[in-house]
Amino acid sequence: MNKNIVNLVLIFWLLVSNTLGSDISNSEGERMPDENKTSSRLLDEADKLFKEGDSENALKLYEETYATARKEFNRSVEVEALSQIARTKLKLNRKEEGRADLIVAKERVEESDHIGLTRYLGVKGRFEWNDDDLISARETFKLMFDIATNHQLWSRMIDAANLMSIVTEKPEEQIEWIEKGIEAAEDSDNESMLAVLWNNMGAAYYDQKNYEIALECYKKSREFHWRFSGETAKLFADYHIGMTNRMLGNHDEALKWLRPVLAWAERLGNNGAIGQACEDIGEIAAEQGNKDEALAMFQRARDEYKIAGFDESWPEIWENINKRIEEMQN
C-alpha cells in the first residue's frame, strides 16, 4: 500500500477525527441523572466523550455501560460497549488488553443484531489495520459496509466507506470508496461527516501528485470542518491548504496559511503540527535559496517531531527531516 496516503490520512485521523464510527446515537446533552442511566443512554454519553477525544473518561463510561447492559440483558448494547472498550484501549496504546475485549465481543455478537454487529466489525477492522493486515481489514470493512447499506445504518455505512478508502490499494478504488461515503453523507444529511471524507479525497489526489484537485478537495473539507469540527481539526484543515499550495509552487499563498498555522499550533502546544508547519516553511525557504532559514526551520521541525514521538510512530517523516537537515548542512 502507498505509504504517503497512509501517513497523510493516518496523522489527520489520529489527531483530530473521532467523528466517524461511534455514531448511532439517540440522546444529547449534559450528564444524565442516576435514575436515567439505562445502558443505551450511557452508551450515547460515552460515544460523545469519545468523539470529543476524552478517551480516559470515555473508557470508564463504556465499562459502566457494559456492566449496566449485562444487568439489563441488553446484548446489543453489551456488544457495542465491549467493542468500544477495545477501540478506546487501542487508541490508548493498550492494544493487547483491547484485543481481549474484542474477543469477548465476538462471542456475544449475534448476526441478526445489525447495530451491534456493524460496531463490532468497525473495531475488528481497525485492529486488523493496526496490525498491518490490510487484506483482512478490507474484508471486514466491506462486510460492515454491506450490512450497513442493506439496513440503512447511514453513519456506519459512511464510516465503512471511509475506512475502505484508507486500506484499499489502488488510487482509483480509494477515490471510488470516498465518493460512496460522500454520497451517503449527502443523502442522509450527515454533513459533519463530509469534513473527513473530503480531507481523505484530498489526500488521495495529493498522493497522486494531482495537487490542483487535491487543493479543491481540501478547501471543501475546510468548509465543513469550520462548520462542525473542533479547533485541532480546523488547524489541520488550514494546514492542508498551505501544504498543497506549496506543492503547487504558490509560495506566497502557502505562507499566508502556514505562518498562521504555525502560530496557532504553538498556542495549542501541538508539537506535531508545529513540526509539519516548520518543515513546509523550511521547504519554501530552500526552494527560494535561503539555506540558513531552511536549516533553522528543519531543525526546529525535527525537535518538535521528537517531542511528538514521530521518531517512533512515523519513521518515514523522521528519516526525511534528518535527510533534509543533512542536505542543508552540506
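The values are calculated or read from the model by the stated rules, or taken from the named source; none is laboratory data. As the structure is a computational prediction, the values presented were derived from the model and not from experiment. Every residue, glycine among them, receives a Cβ derived from its backbone with ideal geometry; neighbour counts consider all protein chains shown.
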Would you be able to tell me the number of residues in the range 130-169 that are touching a helix residue (DSSP H, G or I) at 6+ places or on another chain (Cβ under 9 Å) and outside any helix (DSSP H, G or I)?
-> 6
Among 270, 245, 250, which is the only one that is of a type in the set (S, T, N, Q), modelled with pLDDT of 95 or more and in contact with an Asp or Glu (Cβ under 6 Å, 6 or more places away or on another chain)?
-> 245
Candidate set: the range 150-185, residues that are under 12 Å from residue 201 (Cα atoms) and among the charged types (D, E, K, R); chosen: the one farthest from the chain's Cα centre (by Cα) | 172
Looking only at the range 144-156, count how many residues are more than 13 Å from residue 119 (Cβ to Cβ) and either among the hydrophobic types (A, V, I, L, M, F, W, C) or surrounded by 16 or more Cβ atoms within 10 Å (Cβ to Cβ) (or both).
-> 3
Please determine, by comparing only the residues of the range 60-77 that are free of Cβ contacts under 8 Å to residues at least 40 places away in the same chain and over 13 Å from residue 46 (Cβ atoms), which one is surrounded by the most Cβ atoms within 10 Å (Cβ to Cβ).
-> 74
Matching helices (runs of 4 or more DSSP H) fully within the range 207-317 where at least 3 residues are under 30 Å from residue 189 (Cβ atoms) and touching a residue at least 40 places away in the same chain (Cβ under 8 Å) | 231-247
Filtering the range 92-125 for residues that are over 24 Å from residue 39 (Cα atoms) and surrounded by fewer than 24 Cβ atoms within 10 Å (Cβ to Cβ) leaves a count of 4
Looking only at the range 214-227, decide whether some residue is under 22 Å from residue 314 (Cα atoms) and either surrounded by fewer than 24 Cβ atoms within 10 Å (Cβ to Cβ) or in contact with a Cys (Cβ under 6 Å, 6 or more places away or on another chain) (or both).
-> no
